[in-house]
1. Please list, in order along the stretch 103-110, the HN-Hα scalar couplings obtained from phi with the Karplus expression 6.51 cos²θ - 1.76 cosθ + 1.60 (θ = phi - 60°), rounded to whole Hz, x for Gly and Pro.
2. Could you pull out every residue, at least 5 positions away or on a different chain, whose amide H is within less than 5 Å of the one on residue 134? Hs are placed 1.01 Å off N in the peptide plane, and Pro or chain starts have none.
3. Work out Dmax and Rg for the chain from the C-alpha atoms and quote the Rg first, both in angstrom.
4. So, with a 1.4 angstrom probe, what is the percent of accessible area on the stretch 45-137 that is carbon and sulfur?
5. Pairs of alpha-carbon atoms within less than 8 angstrom and 6+ residues apart define the contacts here; what relative contact order does the chain have, in percent?
6. Run the dipole for the stretch 2-137 about the Cα centre, Lys and Arg Cβ at +1, Asp and Glu Cβ at -1, nothing else charged, and hand back the magnitude in debye, nearest 20.
7. Using Cα-Cα distances under 8 Å and only pairs 6 or more residues apart, what relative contact order does the stretch 1-63 have, in percent?
8. Which ³J(HN,Hα) values, rounded to whole Hz and listed in residue order, are derived for the stretch 125-130 from phi using the Karplus coefficients 6.51, -1.76 and 1.60 in 6.51 cos²θ - 1.76 cosθ + 1.60 with θ = phi - 60°, glycine and proline given as x?
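The values are calculated or read from the model by the stated rules, or taken from the named source; none is laboratory data. Bear in mind the structure is a predicted one, so any value in this text is a computation, not a measurement. Neighbour counts run over all protein chains shown; Cβ positions are idealised from the backbone, glycine included. Heavy atoms of the whole protein, side chains included, go into the accessibility calculation; ligands, DNA and RNA do not. Shrake-Rupley method; radii C 1.70, N 1.55, O 1.52, S 1.80 Å.
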Amino acid sequence: MALRAANEYADKLRKSGLRPTRQRLALAKLLFGRGDRHVTAEGLHEEAAKAGVGVSLATVYNTMHQFTGAKLLREVTVDGTRTYFDTNTGNHHHFYCEDDGSLLDIAGDGIAVAGLPQPPHGAKVDRVDVIVRLKRR
């Protein structure tokens, strides 16, 4: 079972144009082994340490940015100090709970955005990200 999963992650990385190094495979297993989720680089670094995966925080950041560039992850910037990486790369938006820092998915068709401005000449709208901020009572 573990070998089959490792081969699946290696194939996923290769298909995205990334070489399946030991560190990338270990981080891919942590990221993609539990379904869709939102994780910070610091959170993934802690998970890696608990799992006995010896990687530096810089390596985690670099790998997550490589995964994002390869369209395996989606970067969600909540504010200037907090960035999450989302394993769900499909069309969707987010609830952000300001009290505990959690992100929850909103279906892409759950929000309609009207009145988008015309993009500048030579550009097109790639996607619209909506973050709905919540406070618990």
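1. Residue by residue, the stretch 103-110 yields 10, 10, 6, 10, 3, x, 8, x Hz.
2. 96, 97, 98
3. Using the Cα atoms of the chain, the pair Rg, Dmax is 16.7, 52 Å.
4. Looking at the stretch 45-137 in its full context, I get 51 percent from C and S.
5. Worked out over the chain, it gives 18 percent.
6. Roughly 480 debye, rounded to the nearest 20.
7. Numbers: 37 pairs, mean separation 16.4, N = 63.
Value for the stretch 1-63: 26 percent.
8. Whole-Hz 3J(HN,Hα) from phi for the stretch 125-130: 6, 8, 6, 10, 9, 10.
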